[in-house]
Every structure is written in structure tokens, then in C-alpha cells.
4 protein chains.
Amino acid sequence: MIKAGIIGASGYTGGELLRLLVSHPDVSLELATSRSLAGKPVASTHRHLEGFLDLKYENPGLEEIRERCDLVFLAVPHGTGMNYVPELLDGSTKVIDLSADYRLDIPVFEKIYGIKHSDPRNAVYGLVELHPEAAREYFVANPGCFPTGAILSAAPLAAAGLIDIAVFDSKTGISGAGISPTETSHYPNLAENIVPYKLTAHRHRAEIVQELTRLDGNLRNISFTPHVIPTIRGISTTAHLFTKEPLSTEDVRGIYEEFYRDKPFVRLPGGVPSLTAVRGSNFCDIGFEADKENNRVVVLSAIDNLVKGASGQAIQNMNLMFGLVETRGLWTPATAP
Amino acid sequence: MIKAGIIGASGYTGGELLRLLVSHPDVSLELATSRSLAGKPVASTHRHLEGFLDLKYENPGLEEIRERCDLVFLAVPHGTGMNYVPELLDGSTKVIDLSADYRLDIPVFEKIYGIKHSDPRNAVYGLVELHPEAAREYFVANPGCFPTGAILSAAPLAAAGLIDIAVFDSKTGISGAGISPTETSHYPNLAENIVPYKLTAHRHRAEIVQELTRLDGNLRNISFTPHVIPTIRGISTTAHLFTKEPLSTEDVRGIYEEFYRDKPFVRLPGGVPSLTAVRGSNFCDIGFEADKENNRVVVLSAIDNLVKGASGQAIQNMNLMFGLVETRGLWTPATAP
Amino acid sequence: MIKAGIIGASGYTGGELLRLLVSHPDVSLELATSRSLAGKPVASTHRHLEGFLDLKYENPGLEEIRERCDLVFLAVPHGTGMNYVPELLDGSTKVIDLSADYRLDIPVFEKIYGIKHSDPRNAVYGLVELHPEAAREYFVANPGCFPTGAILSAAPLAAAGLIDIAVFDSKTGISGAGISPTETSHYPNLAENIVPYKLTAHRHRAEIVQELTRLDGNLRNISFTPHVIPTIRGISTTAHLFTKEPLSTEDVRGIYEEFYRDKPFVRLPGGVPSLTAVRGSNFCDIGFEADKENNRVVVLSAIDNLVKGASGQAIQNMNLMFGLVETRGLWTPATAP
Amino acid sequence: MIKAGIIGASGYTGGELLRLLVSHPDVSLELATSRSLAGKPVASTHRHLEGFLDLKYENPGLEEIRERCDLVFLAVPHGTGMNYVPELLDGSTKVIDLSADYRLDIPVFEKIYGIKHSDPRNAVYGLVELHPEAAREYFVANPGCFPTGAILSAAPLAAAGLIDIAVFDSKTGISGAGISPTETSHYPNLAENIVPYKLTAHRHRAEIVQELTRLDGNLRNISFTPHVIPTIRGISTTAHLFTKEPLSTEDVRGIYEEFYRDKPFVRLPGGVPSLTAVRGSNFCDIGFEADKENNRVVVLSAIDNLVKGASGQAIQNMNLMFGLVETRGLWTPATAP
């Protein structure tokens, strides 16, 4: 049994880790931390977990955490992961960081986040379909939610060197903004509405650029615009891809089927992917249509932002890091409708 | 392994049986029938099951079904269950009928549904918390969705002979109305709205009356009014109960804790139960507040109509009928938020 | 032209007054106050009013307000209306108070709200269909949102002395909870959910009791339970009424048609009233079905909580107070779908 | 008074014309046609109009319609407008056609819609902000909903010859798909979801191309992908515009302010436009942000698809055609929240 701990367990990402881990056959939940809730039962705030765990929130020191856990998930705000990582890794404990701190090259991180980085360590970028090398590592930087959907939508064409311009127009459910009420999450502001934001300069663009240019060093024309839609979960990405040569839909299908062969969590079901078909699950469903005449392909991806976009992907990484099959504890269909 | 078949697998109830059964460790899905879709892959209509089963819809005869299956779930319209049951039970195959046909005494059924019943057989009313005797039976009539939430909300006080008048005001997600588009399920008609219907004479009232009067023969003042709310899943029932004597909230809590001791799927989490905390799961969460001065108790129950209100409860019955622990394959937390 | 001012114009009730008043042919908007926003354009927070008014939020003294306005709407929190009313009324300015302060007899108010009342003044309870005497007054206490829907649903039967027990089960859109984000208004908590609250003791019950017992001094068995549904606007009330004698649906129709004859904002359209058909309008639509056998009538009412439940009704009172026809500036159909 | 008739009044577009026209001070509603509903009161299907009109649906011949009406709105399916227009225009009656039949050059129409056009007549493309010449015409082709939002978002930059590539990613409420229930409008399919469709070849693209290339003959790289979001009303368009030269946000603001000077229904409120701020109104709100470094501008537009995207715009055209001020009967703020 993997003794697992979660630092920052009271938010949505933490709650989703807990939801998935209580059903994981090889994990024993060892601790869940929260500064403000220490002493309270975890199920008193994650009400749906009533009956599934007896844990109380704690707030132990890092040394104690390291001693009690084989693996620590960091579900903490951007800019704070680096405060935990060095000490946690000072032993045999493995770490999966769901914050943004180790996803980008340090100069890029410092520029984009406006934060001085205190730890020069490298991490694997844990988008498992592109970076299976997590299997050999103690430390993984779990990808951002938008980048997961965007990168997976374009990676096969990027790897083939076929993309000229990539415009990612993404639509996310509001759970991506977290558990605390805000102006945007206020029901009358979001229901019957859609909220575009950070039109040209969302931080997640840097992850998309980093990973797609790893696949195609010449691909630099990448733009990204996110929107919040009135749903709880899910990210639907519409990738408007202009290609260097004309492609038919069948050409595209061939490229995607080849690229994602043996990737169990990427499905190409035909037709338009739906958030409904991935809700609560770790799948990324992809669909596409080519406009051959105009050297254009529209690719769609659908993920659950809290699962494949965060906690599920973290567990997918955990499985690899501990020598388990990738799908262990994650092979569950979506809750649809 | 239990070889299980589903007659009528293309609707929401059938899809939910499939979703739950593909993860059940003791079940082998043998067949899924649909007249209109025979020959098509099940995952072509239940898109979220892509990758989880290779079944195609079939339309075999009842004798073949009986031979291939240890257990058949009937997910068919009201008034048609009786066309399958006698022949299916003519051997060692067990049957769980999700239609309304065998839930009520025959004269009541014939009056309420306006249908002549062709099969005088009795069935256990499969509300497991009240009827664990399903464990000894070959045939179970699975309860209606509204009755499940309503009966569980009031049963402890009814069993104690304390209820004078019971008014059940229930609110359901639209998935209870089925997979086919209707005026009510048309998004612009339901979003930003609530749709009361069958204000005084919904058919499910008869099940509520039957079960509560089994618990208290004198309790006959029972009314029920359903509403559709703009949600996909869930039934929230507000039971306005006038009691024969004044009760405090603590009195009520004592009665409910005692009644539901050792019933794993009924939770009394404190506070107001939430559809979010049961979504996708087989739980019935119950809360209450007494107005002692006015001999009144308000009891709330929350279930997922497709799980505890239909397919999950059917599997709970299956577990009992096959000597498994009640929670087998069903012990999964809600997908929240 | 009526020179009108709004104290507390930055919330939903204030915004709705502004929305309706900018189109009112006999009103000149004189001022809109907000302490925290003083100096900012009103349209900078009420974005939909861009182009309709040049007002900036102000924070003048009461004497100045009294001098500049023929009429002041108080859209302030409960317990604070009494801080404005005495001084505002010290002249010829009229006042419509949308807070709860003057709706109840003072001892009842003090008990229910737990606040010492500082002003012994009486006010007309401005539910126009029951209290047209507002036409002769300088001061009106505008009713609460839930009481408006509940009282109108039951008043005809109460006035006929026919009600034995009244259970009001109300469902409101979240805008009734105000413009500030809260746990309840947080989208992931409300979408796909329903939130019952204050199960036996909501403050608005006192208004319902007060007005229905004015109509029938013997009617004391009145209970009220509110719920928040995932909609922005609207209150749907299901009144479960047990009657002293058996009534048919046609009997009920006759009583309601007679009672609401010449009440332009109460409609009896037949069938089940819909929030969609009243959204954005000042109507109260009512429907009903009798269960004669069980001495029970279910009555439904639908209002827009911000219009008939608050600001529209306030303007309806204004029209009467200034000798205008009741429907002036309010005779607009709902925005449906 | 303009005697107005609506052919095809039972759908959403017809209902919205009725909603707006009952409040228009210069219009007398003369007739509303529906083949299937002839004889029934209009308010029996458009329930929100109860009390506002006594019309019954009729089904008279075109000659009678022409005689009774000064103006006819055609709210009929694509491909059928041409069956009415020639005969209706054979006199002094004016016609506004909300179908697609006369929006495009005939060869383009025939190619895109796959229908042989039977009437070679030209019509003004009634996007008033670009085509005020409607004021001199008897016949106007009312624009499509998506093109209205898309064209208005890009027109100023197109007119300045600045656009190199334009990618329109639009998100619409489901009311655009009509009043009849469909798979897409089925609540469980749309709620908590987003539905991209016609990824590269939606018919409305042709209108966008036609109008933007009228403004800039060299601009041919135009793509358009629509999505349905879980809202009733509203179209939010994200225009990803690559420009021929670097522009700052302030440059863009200057161009838009100049272009839309004296266009009362286009607002540039600053920030991100919201569907909430235009709901039920005839406004098109526009916002933008430039990424100067990458020669890219993201422009957002928000409209109500049933008002500015259909019926409101038709009335705006009517006002011009009858010599009224453009805003007559339309100068109403959105119903927000």
C-alpha cells in the first residue's frame, strides 16, 4: 500500500484527490492537511466523503509528513509549491506538485508569474501521454488544466511538424476557479452567461508553448483565450489549427490514431466530444474536422478539469511512479448524463 | 461471476445499470437489449462507456435471455414488465423489474395505471432498508424514484406511529423523465424555471401510501406533489410531517439513528442534505428540523434518482439476491462538486 | 414628473428599481446612493444600464435627499430602514421602504428580527392587491418576496374562511440572496442542486401569518419552508392547503376569479404557472388543482422575486401614491424564453 | 400606427417580435399566422403574453395579409421566405424577411443552402449599423444571429483594411435552435456541457464573409466555428484577429469608437462584455484586448440572439423603413441579473 498524504486538502483539487484515492486499491490515505481546518473531520467539509474516511485535517511539520508518507500530493497555490518541495524530497518520499511552480523553465516561470523562484530543481512535466518518463522519477510537476486539454488536442499535428498557427479557444467549468466564492462564481453572474478572461495573456499559455515547441521547435504562433461557461466541471478546447499543407479529416484521424495508440485515457470516439462523456473520469476525448481547402483543422478536446486536468492526472503519475499500471484506480466511466 | 442481462438498455436507467455494472467485481455483462438499436455498439449511444464494454445491442427471445443470464434487469416502460416476467422466471434466472408493474397490490396497480394486470404474482418491494427479505427471493420489484426518497424520509416516524399528516413536496432532476426530448426537457423551458406537475395525483403516491401504511396502519393522510427542477440528477424531498405529539430535533435524531443503524446507504450527516453530496452515488442523505411548538417536523432527503432511485438500488437488491455484501460494487462516493 | 431617489442603489433591488424607473414615463431619477461607491457612475456597476442614465452614486445627507426627492425608495438591509424613515418623512417627501422594518407589528418585528425598533410608526403593508389604501399614504412598507407569492396564492381561500392548514413550500432563485457572493451563491454549490434552508423558522413566515390571519382570524396553522433553486430570478410557491370542506377545482377557480377581478397583475392563465412567463415582469401567475376527496387544494404561484417580489411592487405602490394608474411603467411582458 | 403582421408567429423569433411589438408605441399588431395553431389564442402558446394581446393565430391568404398589413415580418424557415416575398411585395406592403433567403447573393445562397432560388430580387442586408440604406427600402433581409455578432465585432478593423486572418469562435444560447425539442436542447445533454457543431462549414459563415469582404475586398481568410452553451439566450463571439500591423488596445479603441459613433445599439463599455448586460435588449456590447507583440487582437461581442440577433434588429429595420428614430420601442435595458 502506498501511504499517501495531501498538503492542501480542503479545496477542490484536494477533494478530488481524496474522492479518487478512497477507491484506489493500492493507496492508504495517511494525512490531509489544512491550516485553517486542522482538527476538523475531512468529511465535514467534503460532505460527499462521509463514510469513506475518518481522517481529520492536520497541520504537521514537513519532516513528519515525509516520515509518514511514501507520496505527497501538493495541492497548494501557485508560488507556494517551492516552499515544500525541497524538504519533502530530502529522503525517499515522492512528490507530485499540482501547483504551477515546477512546470516551466525557471526564467519563464519567473517572468510569467512575477515570482522569484527559490529552487532550481527540474521536474518532469507530468502530461503522461507525452512524458511517460515520470515512471523513473521521484518528483513530477502536474500540468495545468487548460494546457492538458490544449496540448493533447494539438500534439499529434505538432509532432508531425504540420502546424503553422494554433489558436486555442478554451471553455472551462467554474470549479477550475476554486472552492472560494468570487464575483465570477456568483451564480447570477455566471448562469445564463459566459465569461471570457485574460484574452491574450493567460499564464497557462506558457505551458502550451513549452510543450508544443518541444514537439516542433518551429511552432511559435500559439495563442490561447480562456472562457468560463456555466458548468461545474469540464474543459472543452477548440483548437483552430492552420496547417502547412492541406489535410483531410481522414489524414488527421490517421495521425491521431497513430499518436495515441496505447494511450488508454485518450479516446477518439468519432464525432464531437462531450463534457458529459468525460465528467468525473480521467479521459480526454478528441474529435476533429478538416477544412482541407483552407489548410485548416478544427480539433476539439474534452476533459474533466478536476480529473484529467488535475487530480486524476496526478494519480496517473502516481501509478507510474510506483510501478502500477497507468489505469489503476482510475478506470471508471464518466457519470453521465 | 453473475451473468447479467439488461432488457431495455438504451435509456437512462439502462445506461446507469451499465455504468455501475462495468465496475462491479462480481458481474459479467452478458447482454443488453434494444429493439430499435439492435446491432449497434452500446457505446455508440452511451458514449461515456466507450472503452468499457464491447457489447452490441441485441434483441433475442426470452428463452435465450433466460439461458444466457443468471439475472435479468428489466428497464422497460410501465405496463410492459409483466410481458417479460413470467417467462423469464420460468427457470433459475432471477429478475429485478425496474418498471412499476409489480410494486403495488394488483387492484391498486390496475386502478392507478389504468392497465389490466396479466400476472397475479407477488414481488418483494425492493426498498432494501425496509425489505431485506429480497435476499431470499428470485424476483424483486424495484421501487420508484420519488417513493424511495419520500419513504426513507418518513419511515422512522411512521414506524413509531407518530405521524398525523404527511405532505411530501419533491423536486427532481429531469433525467427522471427519460432520454427522449420532450417539452419539459427542452432547455429553454426548464432552465431558470421549476415545473410542478401532477399536483395531487402522481402515480408514485400509491407506493408511498402502501409502504408507510405497512409501517403504520393508521397513517392515511399522505399527499405528494412533484416538481422538476433545472438539474440533471437528484431528488430532494421535503417532508412536511405533522406529528401526534411534540418532538424536538434531538428526539427525531434519536429515532432516525436507531432506525437506520446498520443501513450503510442511509446517512444522517447533520445539516441540510445536498444533491451534490449524493450525485452519482447510492446514498440517501437525510436531515431534519423540528418545530416542537407546532407538532411539526420537516425532514429532507436527497438521493440520486438514477442510482438510489433506480439502478443503484437494483444492484443493491442484486447483491442481496446473490449473497453478496449489500455495498458490493456500489461503495463509491458522489462526484462532487 | 416624480423626482425619485434610491437609498442603497448598488444591490439587486436597487438595480431593479433603476431598470424599471429609467423606462417609467412619469419618473425623473434624481439620485442613487451608495456609501462605498460614491462618485462612481451607476452604470459602472449596473452594466446593463449603460446608456440609460448619467447618474453617479452619491452619499448626501437625509435632509438633502428629502429636498431633492418627491419619493425615496429605501433599498437597505433589514434593521436599517428605521434609521432613515423618520427624518425622510419629516416634510412632503413620500417613502417606500423595501426593508423589513415596518412590515410587521412592532412586537412581532422585535421578536422575529431580534432588533429593538426605534420608531413606533405604522405603515401600510404594500401588497397592493390586498392593500390598495397605499393610494392615500405617504409611507408604505413593501412586502417581502416570499410573502408576496405565498399570500397571493392563499388569500382568496383565506378570505373565504376555508383554510384549515396551510403549508407553503417555496422555491426561490438565488438573486433573492443579494449581489454579494456567498457559499450558497457559489456556482458549484447551487448548480445541479437545491438548497432548503430555515426549514421551520424563516422570518418571512411572520408576514404570511399576519396577512392571512387578517383575512381569517381563525387561521393559525401556517407553516413555511423556503428552498433556493438553481435559477437567477423567480419564486415558485406550492401552497398545500387543507380545507374545511371539500372543494372542486372549479370551485377554487370561481373563488380566485372573483377575488382577483380587476387586479391587473394577478393572472389565472390555466395550467401550471411558470417562472418563465413572469421573468422580468410584475405579474403573479396562479394555478391550482383540488383533491376534493381529501379536502386538499394545491395552489401554485409564480412571481419574479425582484419585480413583483420587490422593486416592481414598490413601483406599483408608487403609482398609487402619486395618483397614477397601477400599471404605469410596469405593463411589460416577461422576457421569455 | 403601423399595421404589422407576422407570418410564422409561433416560434421563438415570432414570439420575440410579439413581445417587442406589444410595447411599441407606433405599431398595431394586425395578425399572427400559424398553420398548425390557427384558431388558438396566441397567448395560449406564448404564455408570457397573456393579457397583452387578444390575437388568435390565423392562416389567411397572402393577398389578404397584404391588404391588412403595412408591414409583414417573415419568421419562417430557410428556403421558404422566397415563397412569400414576391406576392407580399406586389403592392405597398413592406416586408422584413427573417429567413436566410435573401441575405446572400443568389449563387452563394444556392450553393450554401443547396436550394434553387426562385426569386432573383435583391434585398438590403439589414445589419443597420452597416446598412442604414434600409431606410429607403420596402424589403429588407434580416441578418442571421451569428453573423450579427461576428460582423459587428470585426467590422471596424476590416473597414480599416487591417485584418489578415479572422477566426470567429462563437457561443450561442440554445434558443437559437428553435422552439421544438431536439437532442441538443434536451436538458441532460446541454446542461453542464458545451456542444460545438458544424466545425468548419456553418452556413452563417457565408454572411460573415460577404459583409467583411464588402468592407475589405482583400480579406478572405475568415473561419467560423459555433458552439451551443447551456444558456437560453445570448451569443458571445470571440474574434481572434491577426492584424497586418501591430496595434495597441488603445489603437483599437480609437478605431471602434470612431466607427460606432452615433450607433446607439453598439456599446463599448470597457472590459469584457457580458451576455447578462444585453439579455432581452437590442444592444451589441463590444470589448477587446490587443497583443501588440504578436499582431493579434481579441475582440468580443455580446448580443441577445433573439433581439439584436433576430427580432429586435428586425424592428430596428422597421423603424428606419417607416421614418421613425432607430431606437423607437427598443430603448429598453437588459433584464439583469
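The values are calculated or read from the model by the stated rules, or taken from the named source; none is laboratory data. Since the structure is predicted, the reported quantities are computational estimates derived from the model, not experimental observations. Note that we place each Cβ from the backbone using ideal geometry, even for glycine, and neighbour counts take in every protein chain shown.
Of all the listed residues (B:I208, B:I232), the sole one being touching an Asp or Glu at 6+ places or on another chain (Cβ under 7 Å), hydrophobic (A, V, I, L, M, F, W, C) and touching a residue at least 12 places away in the same chain (Cβ under 8 Å) is B:I232. Answer yes if at least one residue in region B:304-319 is within 30 Å of C:T231 (Cβ to Cβ), in contact with a Phe, Trp or Tyr (Cβ under 7 Å, 6 or more places away or on another chain) and within 13 Å of another protein chain (Cβ to nearest Cβ), and no otherwise. So far as region B:304-319 goes, yes, one or more of its residues are within 30 Å of C:T231 (Cβ to Cβ), in contact with a Phe, Trp or Tyr (Cβ under 7 Å, 6 or more places away or on another chain) and within 13 Å of another protein chain (Cβ to nearest Cβ). Number of residues in region A:61-90 that are in contact with a helix residue (DSSP H, G or I) (Cβ under 8 Å, 6 or more places away or on another chain), of a type outside the set (A, V, I, L, M) and at negative phi: the value is 7.
Could you check region D:315-330 and list, in sequence order, the residues that are touching a residue at least 60 places away in the same chain (Cβ under 8 Å) and closer than 21 Å to C:S23 by Cβ? Answer for region D:315-330, where residues must be touching a residue at least 60 places away in the same chain (Cβ under 8 Å) and closer than 21 Å to C:S23 by Cβ: D:I315, D:Q316, D:M318, D:L324, D:E326, D:T327, D:R328, D:G329, D:L330. Would you pick out the residues in region D:130-184 that are closer than 20 Å to D:I315 by Cβ and hydroxyl-bearing (S, T, Y)? Listed by number, the residues that qualify are D:Y138, D:T148, D:S175. Elements of the type helices (runs of 4 or more DSSP H) sitting completely within region B:1-88 and holding at least 1 residues that are within 14 Å of another protein chain (Cβ to nearest Cβ) and touching a residue at least 60 places away in the same chain (Cβ under 8 Å): these cover B:12-21.
I want to confirm something. Restricting to region A:209-234 and keeping residues that are touching a Gly at 6+ places or on another chain (Cβ under 6 Å) and surrounded by 24 or more Cβ atoms within 10 Å (Cβ to Cβ), which single residue is nearest to C:T276 (Cα to Cα)? Applying the filter and picking the extreme gives A:T231. Taking the listed residues B:P333, B:P264, the one that is outside the structural domain of B:A155 (by TED's automatic domain parsing), under 30 Å from A:L17 (Cβ atoms), outside any helix (DSSP H, G or I) and not hydrophobic (A, V, I, L, M, F, W, C) is B:P333, with no other qualifying. Of the numbered criteria (1) surrounded by fewer than 24 Cβ atoms within 10 Å (Cβ to Cβ); (2) in contact with an Asp or Glu (Cβ under 8 Å, 6 or more places away or on another chain); (3) assigned to a loop (DSSP other than H, G, I, E, B), the one B:E129 fails is (2).
Residues in region C:299-337 that are among the polar types (S, T, N, Q) and touching a strand residue (DSSP E or B) at 6+ places or on another chain (Cβ under 7 Å): C:S301, C:N305, C:N317.
If you go through region B:77-91 and keep only what is buried (at least 17 other Cβ atoms within 10 Å of the Cβ) and closer than 22 Å to B:F322 by Cβ, you end up with B:G81, B:Y84, B:V85, B:L88, B:L89. Scanning region A:229-279 for residues that are under 30 Å from D:N221 (Cα atoms), polar (S, T, N, Q) and under 22 Å from the mean Cα position of the chain (by Cα) gives A:S236, A:T237, A:T238, A:S274. For first residues located in region C:259-282 and in contact (Cβ under 8 Å) with a residue 24 or more places away in the chain and more than 10 Å from chain D (Cβ to nearest Cβ), partners that are among the polar types (S, T, N, Q) and in a loop (DSSP other than H, G, I, E, B) and lie 6+ apart or on another chain with Cβ distances below 9 Å form the pairs C:L275/B:N193; C:L275/C:T231; C:N282/C:T327; C:N282/C:T332.
The strands (runs of 3 or more DSSP E) located wholly in region B:152-250 that include 3 or more residues which are facing chain C (nearest Cβ under 9 Å), within 25 Å of C:E192 (Cα to Cα) and out of contact with any Cys (no Cβ under 9 Å at 6 or more places or on another chain) occupy B:163-172, B:235-243. Within the bounds of region C:247-258, is there any residue that is aromatic (F, W, Y), out of contact with any Ser or Thr (no Cβ under 7 Å at 6 or more places or on another chain) and at pLDDT 95 or above? Yes; the residues of region C:247-258 include at least one that is aromatic (F, W, Y), out of contact with any Ser or Thr (no Cβ under 7 Å at 6 or more places or on another chain) and at pLDDT 95 or above.
On the given criteria, is C:V325 at the interface with chain B (Cβ under 9 Å from one of its Cβ atoms) and either crowded, with 24+ Cβ neighbours inside 10 Å or not in a helix (DSSP H, G or I) (or both)?
Here the answer is no, as C:V325 does not meet what is asked.
Do we have any residue at all in region D:320-335 that's over 22 Å from D:A135 (Cβ atoms) and out of contact with any helix residue (DSSP H, G or I) (no Cβ under 9 Å at 6 or more places or on another chain)? Scanning region D:320-335 turns up no residue that is over 22 Å from D:A135 (Cβ atoms) and out of contact with any helix residue (DSSP H, G or I) (no Cβ under 9 Å at 6 or more places or on another chain). Scanning region A:170-208 for residues that are closer than 22 Å to D:A277 by Cα and either of a type in the set (A, V, I, L, M) or under 15 Å from the mean Cα position of the chain (by Cα) (or both) returns A:K171, A:T172, A:G173, A:I174, A:L190, A:A191, A:I194, A:V195, A:L199. All conditions in (1) within 29 Å of A:F265 (Cβ to Cβ); (2) part of a loop (DSSP other than H, G, I, E, B); (3) in contact (Cβ under 8 Å) with a residue 24 or more places away in the chain hold for B:S99, with the sole exception of (1).
If you check D:T276, D:T243, D:T249, which single one turns out to be among the polar types (S, T, N, Q) and in contact with a His (Cβ under 8 Å, 6 or more places away or on another chain)?
Answer to the check: D:T276.
Evaluate region D:92-104: report whether one residue or more is of a type in the set (S, T, N, Q), crowded, with 20+ Cβ neighbours inside 10 Å and within 21 Å of the chain's Cα centre (by Cα). So far as region D:92-104 goes, yes, one or more of its residues are of a type in the set (S, T, N, Q), crowded, with 20+ Cβ neighbours inside 10 Å and within 21 Å of the chain's Cα centre (by Cα).
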